[in-house]
Each structure stands twice: as structure tokens, then as C-alpha cells.
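The values are calculated or read from the model by the stated rules, or taken from the named source; none is laboratory data. Because the structure is a prediction, the values reported are computed rather than measured. Cβ: placed from backbone, ideal geometry, glycine included. Neighbour counts: every protein chain shown. Calculation scope for accessible area: heavy atoms of the full protein, side chains included, ligands and nucleic acids excluded. Shrake-Rupley method; radii C 1.70, N 1.55, O 1.52, S 1.80 Å.
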Amino acid sequence: MNGIHDMGGMHGMGLIQHEKNEPVFHEAWEGRVYAMNRALGAFGKWNIDASRHGIELLPPADYLRMSYYEKWLTRNIALLVQHGLVTREEMETSKPAPGSPKATPPLTAAAATAAAANRGGYLRPDSPAKARFKVGQHVRARNINPEGHTRLPRYARGKQGTVVRHHGIFVFPDTNAHFEGEQPQHLYSIRFTARELWGDHASPRDSVHLDMWDSYLAHA
Amino acid sequence: MAATVPTSMHAQDHEHDHDHQVVPSDPALRTKALESLLVEKGLVDPAALDALVDAYENKIGPRNGARVVARAWIDPAYKKRLLSDGGAAIAEFGYAGGQGEHMVVVENTPKVHNLVVCTLCSCYPWPVLGLPPVWYKSAPYRSRAVIDPRGVLHEFGLDLPEDVEVQVWDSTAEIRYLVLPERPAGTEKMTEDEVAALVTRDAMVGVAKVAAPAGGKA
């Protein structure tokens with residue numbers, strides 16, 4: 001979706017605020033939100049792409065106003081309700097519905113550290129997907145504007161680049177985010193010159209690399 | 001021009017106006033209410049949450065990445081493995097898992113400088129760097145790293161000569177990037193542990209170089 005999250009190349013966002021000796025979490029609640037997100041992910045009701053799309057669906061003004069973990073908190077509540085793990089009424093009262101069965105947490109303390117160390121991957125080497133491109137080829141990023149989730153940023157659409165690396169076959173986020181299946185595709189690293197992306201004022205030497213799935217690309 | 005003010009001065013001067021501090025109480029209360037509901041419903045185990053917070057506050061952080069970098073500086077065979085199959089070489093240390101399943105390591109040289117960003121969200125190599133700092137996830141960094149990487153580096157206090165090629169890596173898929181910084185001069189006689197202590201998170205994201213050891217020539 002052409003949302004506020006797709007920020008590459010925007011102006012006016014201000015200076016970078018680099019904080020010395022920054023703590024991992026600035027406040028305790030941020031750590032709880034982070035950990036709840038990981039623990040709830042263990043239910044397998046949603047996936048990382050759906051989770052990212054949940055953030056993208058926040059209204060643009062909220063996206064810019066909210067802190068990072070406030071966005072996660074809001075997204076997680078939406079996912080919990082959407083996938084039936086809690087009801088709207090339960091969220092409003094902060095109490096389980098009378099007579100509702102008690103679940104068993106899928107993520108235990110013992111497994112939590114192991115889970116941090118192993119969450120599986122997104123590579124699908126056994127998929128029959130065919131590679132349409134190979135390293136060294138010139139390609140063009142397609143000009144697509146889906147209303148749903150995509151990992152093809154606006155700043156690269158329609159631009160020409162070169163395949164510099166073949167990563168293998170990976171889960172395709174554009175479908176996975178919407179529970180339409182993993183539909184794995186070949187994934188490549190594409191090098192775009194800074195001038196191709198940003199025009200003649202950009203440095204003639206610099207470049208930006210993006211990881212792109214097969215269907216994002218056309219032959220140049 | 002504001003962009004010429006060194007970053008370290010912003011860190012001292014700004015009024016801690018990150019938005020996470022503008023609205024402290026509301027998300028804190030909502031988080032507490034959510035956690036108690038989820039615990040009562042048996043959906044999360046609070047001890048599991050404690051373990052996860054502890055892991056990322058105390059165990060999984062940029063010291064991991066620094067050990068990887070130091071090994072690559074000391075051991076040419078390891079460096080070769082790291083650059084050809086980053087994930088496998090990093091796993092030799094036991095670092096693996098969430099947001100580091102597919103690692104690519106990119107090498108800085110006198111002629112090439114690499115910079116990592118995620119313009120679409122906040123993708124970051126957790127097993128080697130831990131969770132990302134606020135600036136990495138912020139709109140200013142995400143918006144400008146791809147269109148004005150040299151301006152971003154300048155804000156971090158790093159001015160690169162024109163003849164250095166800046167390569168930006170936008171983490172648009174599940175590949176996570178780690179920058180292998182240049183080993184600073186004056187460290188030839190140092191041990192692996194000693195050089196590891198010099199390596200910073202910022203250098204492994206590509207917004208800084210690793211500084212020569214104190215007392216040495218810059």
C-alpha cells in the first residue's frame with residue numbers, strides 16, 4: 001500500500017536524534033510489548049508479513065505521532081481481536097469473558113530463550129518456483145501500486161537496476177500478509193545507481209541495493 | 001545549516017523530545033491492562049515475557065556482532081567464510097534466530113562504504129546487534145538514508161571523500177545486513193578481545209567507522 005511507512009526518499013522528517021548510551025527499552029512497558037509480541041506470535045495465528053501490514057494500516061497521522069512500541073501495542077491489540085484470541089469486550093473491560101476457557105501459553109519461559117534463538121526461516125528451497133533472472137542481468141522494477149502489503153518501495157518502482165546476487169526462494173510477503181499463502185518466489189539483490197533513483201544531482205558513484213522478489217521485476 | 005551540528009551535540013542538547021517520552025502513561029497503562037488480561041486468559045506466560053526482555057536487555061546485543069567482526073579481522077579464513085556465507089559463519093558463535101535467519105555481511109574498504117537501513121519498517125539483524133536504537137527506526141533516518149546517505153553520514157560525524165563509493169542496503173526482505181567495518185590502523189598487535197572492544201554498533205550499521213584505539217593515531 002502507498003502508506004506513510006514507505007518513507008524512502010521523503011523530505012522534511014527532521015534531524016536524526018542519536019542518543020548516547022541508549023537503553024534497549026526506555027521504559028519497562030516497551031519491553032513487555034516487545035515480549036508479548038514474540039509470545040503471541042507463537043500461536044501461529046498470523047505471520048511477520050501480516051504483522052508488518054498491521055503497522056502499515058495505522059492512520060498516517062497516528063503512525064507519525066506514536067512511538068515505535070506504541071504502534072506495536074496498537075497493532076497487537078488489533079491482531080488479537082481480529083484473530084479471535086480476545087474479544088472487543090474483553091479488551092474494554094480488561095477481564096476474560098465469564099466462563100471462557102483458559103488457554104495454555106504456547107511460549108513457555110524455558111522455550112522463550114530458545115525461541116529467541118530459533119524462529120525458523122523464510123527460505124523455501126524446495127518450492128518449484130522458477131527464476132526468471134540471473135546475476136548480471138539488467139532489470140526494471142515494475143510500477144505496481146497494490147492496496148495491500150508489498151515490499152517494493154515507491155522510490156524504486158519503474159527504475160532500472162542490475163541483479164547482483166541471487167538469495168534463493170523466499171516466502172512472498174505480498175500474499176503471505178493477507179493469508180493467501182506463502183507462494184514462494186526467487187529473491188534477488190538489485191543494485192540501483194543513486195542517479196537512476198534520484199537524478200543527476202546524486203553522486204555518480206553511489207548506489208542503493210534492494211532485495212526484490214521475482215514478480216517485482218521485468219526485463220529491462 | 002542545522003545539519004552541520006555534530007550529532008553528539010544533539011544528543012546532549014535536545015530536550016529528550018522523542019515521542020516515546022511525550023506520552024508515557026497511556027501506553028504504559030494499556031500495556032499493563034493487556035498483559036494482565038492475556039495472563040488471565042492463559043495466552044501468555046509472564047515468566048516467558050521476563051525471559052525475552054532479559055535476553056534482549058542483557059544477552060543479545062552489539063557485543064555479539066563485535067566478536068564476529070573481531071574474528072574476521074584476526075582470522076582471514078573466517079573473514080572469507082563470513083563474506084561468502086554470513087549466516088553460517090555467524091552461527092559458529094552460536095548467534096542465530098529471530099531476524100537473523102538469513103544474513104549477508106558487506107565489507108567496508110578504503111573505496112567502498114556500506115550503510116544499512118530499512119525504509120519500510122525497522123528490519124535489523126537482532127542476533128548480532130540486538131534490537132535497533134530509536135534513531136534507526138525513526139522517520140528521519142529511514143527517509144534520508146537512501147536519498148542522502150552522505151548527508152546522513154555527515155550528521156553522524158562521518159565525511160567520506162568523493163571517491164569513496166557509498167552502497168546503501170535497504171532491507172526490504174528477510175535478508176539482514178551486517179557491515180564489516182575497516183580495521184583501524186594501530187591495532188595490528190592487539191588481541192581478538194581487544195579489537196572486539198573497539199567495534200561499535202554504529203560501525204556495524206555503517207553510520208560510523210571504528211575509531212583507532214585511544215592514544216593511537218586517528
* Asked: Distance in nm between label sites at A:Glu182 and B:Ala214, each 7 Å beyond Cα in the beta-carbon direction?
  -> 5.0
* Per-residue mean of C-beta atoms belonging to partner chains within 10 Å, peptide A:32-43 -> 6
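Going down the table (A:Lys130/B:Lys79; A:Lys20/A:Lys71; B:Lys189/B:Lys209; B:Lys79/B:Lys111), which pairs top 30 Å between alpha carbons?
Numbers: A:Lys130/B:Lys79 32 Å; A:Lys20/A:Lys71 24 Å; B:Lys189/B:Lys209 20 Å; B:Lys79/B:Lys111 18 Å.
Listed pairs above 30 Å: A:Lys130/B:Lys79.
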* Express as a percent, rounded to the nearest 5, the fraction of DSSP beta bridges in the protein assembly as shown (both residues included) that run antiparallel. => 55
* Could you work out the helix-only [θ] at 222 nm for chain A, with each DSSP H run of four or more residues adding -39,500 (n - 2.57) and the total divided by the number of residues, to the nearest 500 deg cm²/dmol? -> -8500 deg cm²/dmol
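Place a +1 charge on the Cβ of each Lys and Arg in the protein assembly as shown and a -1 charge on the Cβ of each Asp and Glu, then give the dipole magnitude about the Cα centre in debye, rounded to the nearest 20. Show your work: numbers first, answer last.
Values: 47 positive and 52 negative charges, 220 e Å.
Dipole of the protein assembly as shown, to the nearest 20 debye: 1060 debye.
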* To do: Can you work out the PRE-style zone for A:His166? Point 7 Å along Cα to Cβ, and I want the residues of the range B:94-109 with backbone N under 19 Å.
  => B:103-104
* **Pairwise label distance in nanometres, B:Glu107 with A:Ala220, each label 7 Å out on the Cα-Cβ vector** => 2.6
* To do: Please get the size of the charge dipole for the range A:138-219, origin at its Cα centre, with Cβ charges of +1 on Lys and Arg and -1 on Asp and Glu, quoted in debye to the nearest 20.
  => 360
* Asked: How much length is gained on full extension from A:Arg205 to A:Lys130, taking 0.36 nm per residue of separation minus their Cα-Cα distance?
  -> 23.7 nm
* Sequence neighbours fewer than 8 away in the same chain don't count; with that in mind, list the aspartates and glutamates whose C-alpha is under 14 Å from A:Lys95. => B:Glu35, B:Glu40
* Asked: How far apart, in nm, are the 7 Å Cα→Cβ label points at A:Ala110 and A:Glu196?
  -> 5.3
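Could you do me a favour and compute the accessible area per residue for chain B, 1.4 Å probe, result in Å²? Write out the running numbers ahead of the final one.
Details: 8550 Å² over 218 residues.
Here the per-residue accessible area is 39 Å².
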* Cysteines, chain B, no other Cys beta-carbon under 4.7 Å -> B:Cys121
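Taking all protein chains as present, what is the carbon and sulfur share of the accessible area of chain A, in % to the nearest whole number, probe 1.4 Å? Please list the in-between numbers first.
Working: 5380 of 10050 Å².
Roughly 54 percent, rounded to a whole number.
Put A:His167, A:His178, B:His113 in order of accessible area, largest first, 1.4 Å probe: what do you get? Show your work: numbers first, answer last.
On the way: A:His167 35, A:His178 65, B:His113 5 Å².
Greatest to least solvent exposure: A:His178, A:His167, B:His113.
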* Structure fact -> Per the helix-only model, chain B has a calculated mean residue ellipticity at 222 nm (DSSP H runs of ≥4, -39500 (n - 2.57) each, divided over all residues, rounded to the nearest 500) of -11000 deg cm²/dmol
